[in-house]
Amino acid sequence: MRKSQQLSFIDLIVKYLIPDDESLKILFDSIDFSFIFDLVKDKYKPRGAHGYNPVSLFKALLLIYLGIARSERDLANKLRFNARLAFLCGFPFGNTPSHATFYCFRNRLGSKIFFDILLNLIAQAATIIFDKKLSLSIDSTHIEAFKSDKDAKIGVKKTNFFFYGYKVHVVVTNTEPPLPISVEVTPANKHDGNLLKPLVEKAQKS
């Protein structure tokens, strides 16, 4: 399990070009991701090839919930061609994960650990949000799945857009970027309206 990596010359240039008031940088710097290592350490073998840093992978997955990427495939493409996003997530230039890597990462962690981590991050964000008394919105995004995933279902995002996978229903702040404070993941065939009440109740308890 890789925790850190030496920066290349290009990475240092990208770092220099990112302003201190970059909203995503401020968000990532304000959240404590260190607890992730203790939760995932048993999922990695002590020997063998070093994979991607799990914190970097989780930062990247948060881009979906923040509305910066539409799916894991779209996320992989954005990281590949957007050096700023890749650096802020902790990926070195020219070495970003494919969409299949995110699928394997979620499977490696398992649903319990994955959502334990997600809820911890949401709780941290919620502390900042409610201290500032920010207003909220509710939205959903889709995550495509492989056909071998038997828990996934066929869903519709637009009149002419069908996909196989899951929906992530999120209560977010009206900030830039929006910060998630409550989340519910369902098979893609679940209607967004059915999640309104449980999402609001979760947000009120945060």
Top-ranked residue in the stretch 64-85 [being in a helix (DSSP H, G or I) and more than 15 Å from Tyr103 (Cα to Cα); ranked as modelled with the lowest pLDDT]: Tyr65
Condition test on Phe115, is it at pLDDT 80 or above, exposed (fewer than 15 other Cβ atoms within 10 Å of the Cβ) and either assigned to a loop (DSSP other than H, G, I, E, B) or among the hydroxyl-bearing types (Ser, Thr, Tyr) (or both)? no
Only listed residue being aliphatic (A, V, I, L, M), over 18 Å from the mean Cα position of the chain (by Cα), surrounded by fewer than 16 Cβ atoms within 10 Å (Cβ to Cβ) and at pLDDT 70 or above, chosen from Ile10, Ile18, Ile26: Ile18
The condition of being of a type outside the set (Lys, Arg) and under 23 Å from Leu39 (Cβ atoms) holds, among Asn53, Asn82, Asn95, Asn77, only for Asn53
Quick one: which of Phe37, Phe33, Phe28 is under 16 Å from Leu109 (Cβ atoms) and assigned to a helix (DSSP H, G or I)? Phe37
Given the condition exposed (fewer than 14 other Cβ atoms within 10 Å of the Cβ), of a type outside the set (A, V, I, L, M, F, W, C), within 19 Å of Phe91 (Cα to Cα) and at pLDDT 75 or above, answer yes or no: does some residue in the stretch 32-46 qualify? yes
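The values are calculated or read from the model by the stated rules, or taken from the named source; none is laboratory data. All figures in this text were calculated on a predicted structure; none of them were measured in a lab. Neighbour counts are summed over all protein chains in view; Cβ atoms, including those assigned to glycine, are modelled from backbone coordinates with ideal geometry.
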